[in-house]
Amino acid sequence: MQVKRVAVIGCGTMGAGVTHVAAEHGYEVSVVEAGPAAAEAALRRVDDSLQRTVSRGRLTQAGAAAALDRVTMTTDLEAIADADLVIEAVFEDVALKCDVLGEVDRITAPDVMIASNTSTIPLVILAGATRRPESIVGCHFFNPVPAMKLVEVIRTPTSRPEHVAAFADFATALGKTPVVVNDVPGFVGNLLIVPYLLDAIRAFERGVADKESIDEVIKLGFNHPMGPFALSDLIGLDIVHDMAASMYEEYKDPRYSPPPLLKQYVRLGWLGRKSGRGFYSYNR
């Protein structure tokens, strides 16, 4: 399967990152958003992402401009019809993703590769919303997409090996390192990282230490670039909460139950870096 034209549905944080990386690596990218205002905001998000890469010396200004020229924003879902690969990257909600994937299945030809970008939702649920579940591939890009090398490529028991291999090849072409994993809630990354983040919050709740000290122990004692509270703020506390809740729903394991403090912060709108306040405060 040769990919030349890519369509991305949903251009929030993850969709914008995928769009940036695909366009930077020479792919024509059609991005579908819900309305004109959302499309304008999405284009700014992609441009901002490209400019951050320029500021770090990893891309020239001319390269960023050329990448942005490869991006077409639209509100018309039918625009995905001529894509070789469609990546669904809408909000991490099962019903929404299933609705979108059902429409993608209806619009695209049988040989078009369809991928769902998800961090915790079992792929079998999403693939079941289409008439070709054996052809749907799961992909879990890590945030921030332009900087993070890992892509989990998810297969179900019915996945066609050639589709899984084709998406892995695409990820490699983006400069990523694909790792093929089986379809379980949370896959490998979040299966392991979510309990770690929640345990740190519970330790803080119990008064084991303040958050700064916990972060410092993890950074200095285990050589992590950041501690669990800084990492949670970077991911987004609402996303950490939703990942945990989704996995708790599947496993019914108390390790995945969101702690009260995390719920409280989300209800207050303290979502981390993106809102200016989470476990730490940030200048916006």
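Just so you know, in the range 52-79 the residues that are under 20 Å from the mean Cα position of the chain (by Cα) and in a helix (DSSP H, G or I) include one that is nearest to VAL112 (Cα to Cα), and it is THR53.
Within the range 210-239, residues that are at positive phi sit with their Cβ atoms under 8 Å from residues that are of a type in the set (Ser, Thr, Tyr) and part of a helix (DSSP H, G or I), at 6+ positions apart or across chains, in these pairs: GLY236/THR13.
With respect to the stated conditions, VAL153 fails to be in contact with a helix residue (DSSP H, G or I) (Cβ under 6 Å, 6 or more places away or on another chain) and either in contact (Cβ under 8 Å) with a residue 40 or more places away in the chain or of a type in the set (Lys, Arg) (or both). The set of residues in the range 59-85 being under 17 Å from GLY175 (Cβ atoms) and free of Cβ contacts under 8 Å to residues at least 60 places away in the same chain consists of LEU59, THR60, GLY63, ALA64, ALA66, ALA67, ARG70. Listed by position, the helices (runs of 4 or more DSSP H) inside the range 192-256 whose residues that are among the aliphatic types (A, V, I, L, M), within 25 Å of the chain's Cα centre (by Cα) and surrounded by 14 or more Cβ atoms within 10 Å (Cβ to Cβ) number at least 3 are 228-235, 237-251. Only residues that are assigned to a helix (DSSP H, G or I) and in contact with a Cys (Cβ under 7 Å, 6 or more places away or on another chain) were counted in the range 147-191, giving 1.
Note on the range 257-274: residues that are over 29 Å from PRO122 (Cβ atoms) and surrounded by 17 or more Cβ atoms within 10 Å (Cβ to Cβ) amount to 1. Filter the range 101-120 for residues that are surrounded by fewer than 23 Cβ atoms within 10 Å (Cβ to Cβ) and among the β-branched types (Val, Ile, Thr) and give the result. Passing the criteria: ILE107, THR108, VAL112. Look through SER281, SER275 and report the one residue that is more than 22 Å from the chain's Cα centre (by Cα) and either outside the structural domain of VAL194 (by TED's automatic domain parsing) or free of Cβ contacts under 8 Å to residues at least 24 places away in the same chain (or both). After applying the criteria, what remains is SER281.
The values are calculated or read from the model by the stated rules, or taken from the named source; none is laboratory data. The shown structure was predicted, so the numbers you read here are calculated from the model rather than taken from an experiment. Neighbour counts run over all protein chains shown; Cβ positions are idealised from the backbone, glycine included.
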